[in-house]
Amino acid sequence: MIELSNVSKTFTLHNQGAAVIPVMSDVTLSVAPGECVGLLGASGAGKSTLMRMIWGNYLAASGRITVAGTDVARAEPREILALRRERMAYVSQFLRVVPRVPTIEVVAEPLLLTGTPEDQARDRAAALLARLRIPERLWQLSPTTFSGGEQQRVNIARGFIRQVPVMLLDEPTASLDAANRETVLSLIGEAKARGTAIVGIFHDEAARDRVCDRMIDMARFAA
Ligand SMILES: Nc1ncnc2c1ncn2[C@@H]1O[C@H](COP(=O)(O)OP(=O)(O)OP(=O)(O)O)[C@@H](O)[C@H]1O
């Protein structure tokens, strides 16, 4: 479902004398449907960079990245957008939303974009918000003023509202209390059972042990 072969990445800082920062080289990795792979490695090892390459934000310097049938390194921007809309979800650590859009709409939006009728999308959003313990009185408010943990749960609800073949999770349990952390681990387990291939960064070791089938240490790919 996710295939990387001989991928390398460098950053060139054009505004700093074209300094070149090699980040990783020769990454070969395959994630099967229903499998969850956790990325390990010290700060700066390239975990986020690898996720952003799979998401299609960063181009690889060389090698091939195929995600749910799309060759991400060579795809046109509109193909990347279609991949994200239909087949891939990215739960980042921080919620980025348009101000004044109610929480329930923020969560329902990914389903609406793929043509799900509005009432169904809202029902599904409401069910997830309830499961993630966001009080109903907050659903019609914008999440911009929510607490860190509330924003993270809104982000998780938005990420899990569609059933997609590929998910990228960046510390999905980072600012959560025990009960919500348990809910998120269940959501991850259910996605795996449906055949979703997952790549994630989990600093929470116990969470990592519960959901990851394999760990990849980025030190292996140091450039
Ligand atoms: N947009 C960018 N431009 C230049 N250099 C970058 C960029 N993004 C990342 N880097 C560099 O790439 C290296 C890897 O960064 P990355 O954020 O992937 O590490 P990480 O393993 O996710 O670290 P952390 O655990 O601290 O989040 C770092 O040296 C960083 O400075």
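Annotation note: of ARG214, ARG210, ARG181, the sole residue that is surrounded by fewer than 20 Cβ atoms within 10 Å (Cβ to Cβ) and touching a helix residue (DSSP H, G or I) at 6+ places or on another chain (Cβ under 6 Å) is ARG210. Sort out which residues of region 167-223 are away from the ligand (no atom under 15 Å from the Cβ), charged (D, E, K, R) and under 16 Å from the mean Cα position of the chain (by Cα), and write them in order of number. Hits for region 167-223 are GLU190, LYS192.
Scoring ILE104 on the criteria (1) crowded, with 17+ Cβ neighbours inside 10 Å; (2) out of contact with any helix residue (DSSP H, G or I) (no Cβ under 7 Å at 6 or more places or on another chain) leaves a single failure, condition (2). Might you check whether a residue that is of a type outside the set (S, T, N, Q) and either in contact with a His (Cβ under 7 Å, 6 or more places away or on another chain) or in a loop (DSSP other than H, G, I, E, B) (or both) occurs anywhere in region 183-191? No, because not a single residue in region 183-191 is of a type outside the set (S, T, N, Q) and either in contact with a His (Cβ under 7 Å, 6 or more places away or on another chain) or in a loop (DSSP other than H, G, I, E, B) (or both).
So that you can scan it fast, the table gives a plain yes or no per residue for (1) within 16 Å of the ligand (Cβ to nearest atom); (2) touching a Gly at 6+ places or on another chain (Cβ under 7 Å); (3) at pLDDT below 95:
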residue	(1), (2), (3)
THR28	no, no, no
CYS36	no, yes, no
LEU40	yes, no, no
ALA61	yes, no, yes
THR66	no, no, no
MET88	no, no, no
SER92	yes, no, yes
ARG100	no, no, yes
GLU105	no, no, no
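Any chance region 76-83 includes a residue that's farther than 22 Å from ALA32 by Cα, touching a residue at least 24 places away in the same chain (Cβ under 8 Å), assigned to a helix (DSSP H, G or I) and more than 17 Å from the chain's Cα centre (by Cα)? No, because not a single residue in region 76-83 is farther than 22 Å from ALA32 by Cα, touching a residue at least 24 places away in the same chain (Cβ under 8 Å), assigned to a helix (DSSP H, G or I) and more than 17 Å from the chain's Cα centre (by Cα). Exactly one residue among GLY149, GLY159 is crowded, with 20+ Cβ neighbours inside 10 Å and either out of contact with any strand residue (DSSP E or B) (no Cβ under 8 Å at 6 or more places or on another chain) or assigned to a helix (DSSP H, G or I) (or both), and that residue is GLY159. Looking across region 7-42, the residues that are small (Gly, Ala, Ser), part of a strand (DSSP E or B) and touching an Asp or Glu at 6+ places or on another chain (Cβ under 8 Å) come down to SER8, SER30.
Restricting region 1-24 to residues that are more than 23 Å from LEU81 (Cα to Cα) and crowded, with 17+ Cβ neighbours inside 10 Å, the residue that is nearest to the ligand (Cβ to nearest atom) is VAL23. Pairing residues of region 25-49 that are surrounded by 17 or more Cβ atoms within 10 Å (Cβ to Cβ) with residues that are of a type in the set (Asp, Glu) and at pLDDT 95 or above, at Cβ distances under 6 Å and at least 6 apart in sequence or on separate chains, gives GLU35/ASP213; CYS36/ASP213; LEU40/ASP217; GLY41/ASP217.
What do you reckon, is SER48 out of contact with any Gly (no Cβ under 6 Å at 6 or more places or on another chain), outside any loop (DSSP other than H, G, I, E, B), under 21 Å from GLU171 (Cα atoms) and more than 8 Å from the ligand (Cβ to nearest atom)? No; evaluated as a whole, the condition is false for this residue.
Can you say whether LEU176 is touching a Gly at 6+ places or on another chain (Cβ under 9 Å) and either modelled with pLDDT under 95 or of a type in the set (Phe, Trp, Tyr) (or both), as far as the supplied structure shows? When the stated conditions are applied, LEU176 passes them.
Out of region 1-24, which residues are in contact (Cβ under 8 Å) with a residue 40 or more places away in the chain and of a type in the set (Ser, Thr, Tyr)? Residues satisfying the conditions are SER5, SER8, THR10.
The values are calculated or read from the model by the stated rules, or taken from the named source; none is laboratory data. A quick note: this is a predicted structure, and the numbers were derived from the prediction, not measured. Reconstructed Cβ throughout: ideal geometry from the backbone, glycine too, with neighbour counts over all protein chains shown.
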